[in-house]
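Read through the structure below, which is laid out as structure tokens, and then see the notes.
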Amino acid sequence: MEMSAVLGFAAIALTMIAVPGPDWAYVLGVGARDRVLVPAVGGLMVGYVLITLVVSVGVGGLIAAQPIALMVLTVAGALYLIRLGIGTLRAARTAAFGAGEVLTVSPRGTFTRGIAVSGLNPKGVLIFVSILPQFAHAQDTWPLPAQLALLGTVFVLLAGSFYLPMGVVMERVLRARPSIAGLVTRIAGTAMILVGVSLLAERVVVALG
């Protein structure tokens with residue numbers, strides 16, 4: 001596969017990753033509340049690995065072509081984000097951040113939630129379905145599934161390389177100023193709820209249209 005195609009996709013992927021969304025909100029919430037970043041970011045990366053596998057074997061295109069499948073995926077992802085956002089807001093109210101107390105959270109639970117945040121993100125699936133094929137070519141010496149898998153892997157590695165340092169910086173800021181941890185957590189929880197509501201609203205508009 002040509003390096004120019006990989007680098008071109010990497011540039012676009014990094015731009016998409018840098019745009020705030022559910023992943024951002026989840027990482028910020030975990031950094032402010034739980035401070036177990038590695039499982040959280042690892043879960044996000046595994047979620048995108050699963051999407052990569054789905055797209056590589058051709059299932060992603062089938063999902064994108066089925067309105068009912070997209071609706072189910074969107075509703076499930078939106079409801080999960082809303083539920084996660086509500087839980088994050090509750091944690092912000094109950095945790096004693098001012099005293100430097102950190103909420104005890106299972107790394108496994110944080111990892112699993114990370115998988116759900118990225119894996120149930122319908123926009124993530126659509127991005128993989130619409131963007132990846134533009135950089136994969138049937139006439140290439142690599143089989144098409146291998147090209148898609150490589151591009152998906154690039155996205156996963158870039159996501160991990162972006163979110164982990166971002167979370168580390170957030171942790172350091174909160175250690176220096178623990179009083180703002182509650183505010184950051186509330187912002188993250190609110191962002192998750194707003195993204196979830198916007199996904200539901202978008203799906204309703206599409207259904208009515």
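Within segment 143-154, is even one residue of a type in the set (V, I, T) and modelled with pLDDT of 75 or more?
yes
Need at least 3 residues that are at pLDDT below 70 and surrounded by fewer than 21 Cβ atoms within 10 Å (Cβ to Cβ) per element, so show me which helices (runs of 4 or more DSSP H) inside segment 36-131 make the cut, counting only ones lying wholly within it.
Of the helices (runs of 4 or more DSSP H) lying wholly inside segment 36-131, those with at least 3 residues that are at pLDDT below 70 and surrounded by fewer than 21 Cβ atoms within 10 Å (Cβ to Cβ) span 59-64, 67-94.
The values are calculated or read from the model by the stated rules, or taken from the named source; none is laboratory data. Treat the numbers as computed from the prediction; the structure is a model and nothing was measured. Quick reminder, even Gly has a Cβ in these numbers, built from the backbone with ideal geometry, and neighbours come from all protein chains shown.
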